[in-house]
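What follows is a short report on a single structure.
The values are calculated or read from the model by the stated rules, or taken from the named source; none is laboratory data. Since we're looking at a predicted model, the values are computed, not measured. Counting neighbours? That spans all protein chains shown, and the Cβs are built from the backbone with ideal geometry, glycine included. Quick note on the areas: whole protein, heavy atoms, side chains included, nothing else; ligands and nucleic acids left out. Shrake-Rupley method; radii C 1.70, N 1.55, O 1.52, S 1.80 Å.
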Amino acid sequence: MSVNGKKVLHMDRNPYYGGESASITPLEDLYKRFKIPGAPPASMGRGRDWNVDLIPKFLMANGQLVKMLLYTEVTRYLDFKVTEGSFVYKGGKIYKVPSTEAEALASSLMGLFEKRRFRKFLVYVANFDEKDPRTFEGIDPMKTAMRDVYKKFDLGQDVIDFTGHALALYRTDDYLDQPCCETINRIKLYSESLARYGKSPYLYPLYGLGELPQGFARLSAIYGGTYMLNKPIEEIIVQNGKVIGVKSEGEVARCKQLICDPSYVQDRVEKVGQVLRVICILSHPIKNTNDANSCQIIIPQNQVNRKSDIYVCMISSAHNVAAQGKYIAIVSTTVETKEPEKEIRPALELLEPIEQKFVSISDLLVPKDLGTESQIFISRAYDATTHFETTCDDIKDIYKRMTGSEFDFEEMKRKKNDIYGED
């Protein structure tokens, strides 16, 4: 918004950047936050060496957030590392996710004939271009269901599981009966992201995800934006159904439009579910991941008789988020039963032994309306996915509702060049 010439005041009731998705440091603060009695044991090292994300997410190397960061030059304030591997769970074991032809042929996830069929499917996806009907091979991207595309390539259930959940990154199987165009593009995004750095398609910022909002704050400041942390919000002032200001510590900041997360406007949002997250501190890498210092594991719902996937994000001291020799694995999923911790048992078993667990259950809150009347634009709560694609879709949606026009990456690039000059 600042880049677009709007006058932006950003107020946050917390003393740190990032709200719900902050990185907590020192470790003592994490213990306090989760009401764990006593101080962290000496074996945890120095508290200051820890930056623990409350919400675990990786960035797709070729995804929307990386484009936003590159175009806005927020990358000048951040350093990233490639995540070392992406794994999928099958029959109680974990396997590396094959996403190139060579990996597909070498993978122990599939038998020989299945590998050939999967390779054909990957070649089809790589050549697919929704603007060029010659690449369709009899499939109508806007009409043919993904289920029928899998049938065309004769792919078995296990392969469908990891393709839909570990490559296309769907959380449920609803996509099977939807037009295949989006799924094919999602698999392309995964492959292109992987092609950029080789080990996995995911990136992670050194010192934790809390660095992202700080980077955007610095950018906003360059364009005249103002940030105020530790600012309690007493009231959102609405007149004739439209927002006109925000009251804090007896003062009113006047505005024409307001963007906020659901926690500031409980009466304007509704609950559509819950997300369970368990932060686990380990003194060892996860078994069967080739001692990776960072990885993602996806447990497809079919494998554990659930409706939605379970995700594990693991990072370590290599990312300056933990003391030397320590690993942070964060398990997340959408809650489906009255006993959420039982639901994630398969994931916790992969992580044993666990030194310390921090359990949180968050409501999935979404705005009740689009905000066009009140001009109060509310973001959705963070979902259980371990990447930022759904969050970016939400940002672009809010942008469109506020400005009436689509978010344009190229336009952002041009505005940046006006200030910094061409590259």
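Shape analysis of the range 77-188 yields a ratio of the Cα radius of gyration to the Kirkwood radius, Rg/Rh, of 0.99. Could you give the Stokes-Einstein D for the range 230-282 in µm² per second, using the C-alpha Kirkwood radius, 25 °C, 0.890 mPa s? The diffusion coefficient I find is 179 µm²/s.
The coefficient of translational diffusion for the chain, derived via Stokes-Einstein from the alpha carbon Kirkwood radius under 4 °C and 1.567 mPa s, stands at 56 µm²/s. For the range 260-362, treating each Cα as an identical point scatterer without solvent, what Debye log10 I(q)/I(0) comes out at q = 0.10, 0.21, 0.25 1/Å? Once normalised to I(0) and log-transformed, intensities are -0.33, -1.06, -1.30. Rounded to the nearest 500, the 222 nm mean residue ellipticity of the chain from helices alone is -8000 deg cm²/dmol, with -39,500 (n - 2.57) taken per DSSP H run of at least 4 residues. Filter Lys7/Lys188; Lys357/Lys396; Lys338/Lys400; Lys67/Lys342; Lys307/Lys368 down to the pairs with a C-alpha to C-alpha distance above 29 Å, please. Result: Lys7/Lys188; Lys357/Lys396; Lys338/Lys400; Lys67/Lys342 exceed 29 Å.
By its C-alpha gyration tensor, with a ≥ b ≥ c as the square roots of the eigenvalues, how is the range 337-418 shaped: rounded for a/c under 1.5, else prolate for a/b larger than b/c, else oblate? Oblate, since a/c reaches 1.5 and b/c is not below a/b. The residues of the chain expose on average 47 square angstrom of accessible surface per residue, using a 1.4 Å probe on protein heavy atoms. Using the average count of surrounding beta-carbon atoms within 10 Å as a protection proxy, the listed peptides 388-395, 315-322, 57-64, 73-80 rank, highest first, as 57-64, 315-322, 388-395, 73-80.
The heavy atoms of Phe34 offer some 50 square angstrom of accessible surface to a 1.4 angstrom probe.
Split the accessible area of the range 92-195 by element, probe 1.4 Å, and carbon with sulfur accounts for 51%.
The modelled label-to-label distance between Arg134 and Ile36, using points 7 Å beyond Cα along the C-beta direction, is 5.9 nm. Starting from the Kirkwood Rh over alpha-carbon pairs, what translational D in µm² s⁻¹ does the range 190-332 have by Stokes-Einstein at 4 °C and 1.567 mPa s? Estimated via Stokes-Einstein, D reaches 67 µm²/s. Compactness of the range 11-90 was expressed as the Cα radius of gyration divided by 2.2 N^0.38 Å, which yields 1.39. Label reach from Asp29 (point 7 Å along Cα→C-beta): in the range 78-106, amide nitrogens under 20 Å belong to 78-79.
Could you run the Debye sum over the Cα atoms of the range 69-133, one equal point scatterer each and no solvent, and tell me log10 of I(q)/I(0) at q = 0.20 Å⁻¹, two decimals? Summing over Cα pairs of the range 69-133 leads to -0.86. When you filter the trypsin sites (Lys or Arg not before Pro) in the range 299-364 for DSSP loop state and at most 14 other Cβ atoms inside 10 Å of their Cβ, you are left with Lys307, Lys338.
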